[in-house]
Amino acid sequence: MDTSAVAWEPNKPLVIEEVEVAPPQANEIRFKVVATAVCHSDLYHLFESMPKDGFPAVLGHEAAGIVESVGPGVTEFQPGDKVIPIFLSQCKECRFCKSPKTNQSLVGAESRFTCKGKKVLQFAGTSTFSEYTVINQIAVAKIDPAAPLEKVCLIGCGICTGYGAAVNTAKVEPGSTCAVFGLGAVGLAAVMGCKAAGAKRIIAVDLNPDKAEKAKVLGATDFVNPKDHNKPIHEVLAGMTNGGVDYSVECVGNVEVMRSAFESCMPAWGVSVIVGWTELNDVAIRPTHLISGRTWKGSLFGGFKSKDGVTKMVKAYLDKKLQLDEFITHNMTLDQVNDAIELMKHSKCIRVVMSDSPQ
């Protein structure tokens, strides 16, 4: 029996339970979760979307661990390997994986969790708020054994999602002007991506003035709080940039912010990328805002082919080309998961990392 934080029902605290995690079956690996962070997607499932068939579940998907055992047919991994699970699989065989036009895959996952005789759903195919988890090998990346797991766990979701949205999806160009809306971990990673791509001006936009300093540490040149202005934020940015930014990245998951980010782009050539996840509302724009030359795009996991991208990003961190430490504001243990969720819910953290031995 292993320890997990179980979400028995929506909008309620998680419960630390003894759960059974089945041995790995064909093409699966079982690994010990050494470090796992709380991402807003976990909160979205618990408090916002609350799908009727989404509970009970073990949440968590931004993690790193060590392989304990492997099932039949697994050749890429062996016990002792350091790994990062990924909510987006890469089988390298389906038509999606073979296409350079997408990073998505057609292959799903099956849960290996049971608790009190009930099947427990595997959130995002990973479920890392647990002592151990079992995942198909196509949704796990092997990483450099020198990587500190309590840091690189962030690469499993937020860092790749934001950084890649700027570098891979927007394809930010050297000398360009960018705006990033929302300065959670994903937005701050997008700021970092814009800087890595060579943007000369990066405007960070958030309602929380406390985020300004961290954004500048990661590469922002300006900070704008919409509450400080008496006109729409896209008009403020247009005034600051002689008509609009070259690229904007939306990292909030709010349809009104998505429209603002889109309208903040230069009408003739601006590119705006939606990163923030929501299925709760429709978004509306004026067709002429597209017809005039703007491009609107979406980005999932930053456009990275998942297994390949994670391995490369871990190497970038070890080569000191990627910042991670700056994102970790709190260290806790799994039994403090509800405290970690409260910090995220009230925007009192960037990332909380839970591990057996918090730093």
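What to note about this one:
- Condition check for G73: outside any strand (DSSP E or B), modelled with pLDDT of 95 or more and in the same structural domain as V120 (by the TED database): yes
- Residue within the stretch 191-205 that is under 30 Å from S306 (Cβ atoms), open to solvent by less than 10 Å² (accessible area, probe 1.4 Å) and of a type outside the set (A, V, I, L, M) present: yes
- For K348, the test of being under 30 Å from K92 (Cα atoms) and open to solvent by 30 Å² or more (accessible area, probe 1.4 Å) is failed.
- Selection from the stretch 18-65 of residues that are of a type in the set (F, W, Y) and open to solvent by less than 10 Å² (accessible area, probe 1.4 Å): F31
This table checks each residue for (1) buried (at least 22 other Cβ atoms within 10 Å of the Cβ); (2) under 26 Å from the mean Cα position of the chain (by Cα).
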{"residue": "P267", "(1), (2)": "no, no"}
{"residue": "G270", "(1), (2)": "yes, yes"}
{"residue": "G276", "(1), (2)": "yes, yes"}
{"residue": "E279", "(1), (2)": "no, yes"}
{"residue": "V283", "(1), (2)": "no, yes"}
{"residue": "W296", "(1), (2)": "no, yes"}
{"residue": "G303", "(1), (2)": "yes, yes"}
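- Those residues of the stretch 1-16 which are over 23 Å from S49 (Cβ atoms) and assigned to a strand (DSSP E or B), in sequence order: D2, T3, I16
- Qualifying residue in the stretch 228-248 (condition: touching a residue at least 60 places away in the same chain (Cβ under 8 Å), of a type in the set (V, I, T) and crowded, with 17+ Cβ neighbours inside 10 Å): yes
- Scanning the stretch 23-60 for residues that are part of a loop (DSSP other than H, G, I, E, B), over 13 Å from V337 (Cβ atoms) and in contact with an Asp or Glu (Cβ under 7 Å, 6 or more places away or on another chain) gives a single hit, F55.
- Test: residue in the stretch 306-319 that is small (G, A, S) and crowded, with 23+ Cβ neighbours inside 10 Å: yes
- Filtered by the rule that a residue be open to solvent by less than 60 Å² (accessible area, probe 1.4 Å) and either under 15 Å from the mean Cα position of the chain (by Cα) or not polar (S, T, N, Q) (or both), the stretch 327-345 gives F327, I328, H330, M332, L334, V337, A340, I341, L343, M344.
- Among the residues of the stretch 226-269, the ones that are more than 19 Å from A212 (Cα to Cα) and in a helix (DSSP H, G or I) come to 10 in all.
- Residue match in the stretch 254-264 (condition: free of Cβ contacts under 8 Å to residues at least 24 places away in the same chain and not charged (D, E, K, R)): no
The values are calculated or read from the model by the stated rules, or taken from the named source; none is laboratory data. Everything numeric in this text was worked out from a predicted model, so none of it was measured. Cβ: placed from backbone, ideal geometry, glycine included. Neighbour counts: every protein chain shown. Please note that ligands, DNA and RNA were not included when accessible areas were found on the heavy atoms of the full protein model with its side chains. Shrake-Rupley method; radii C 1.70, N 1.55, O 1.52, S 1.80 Å.
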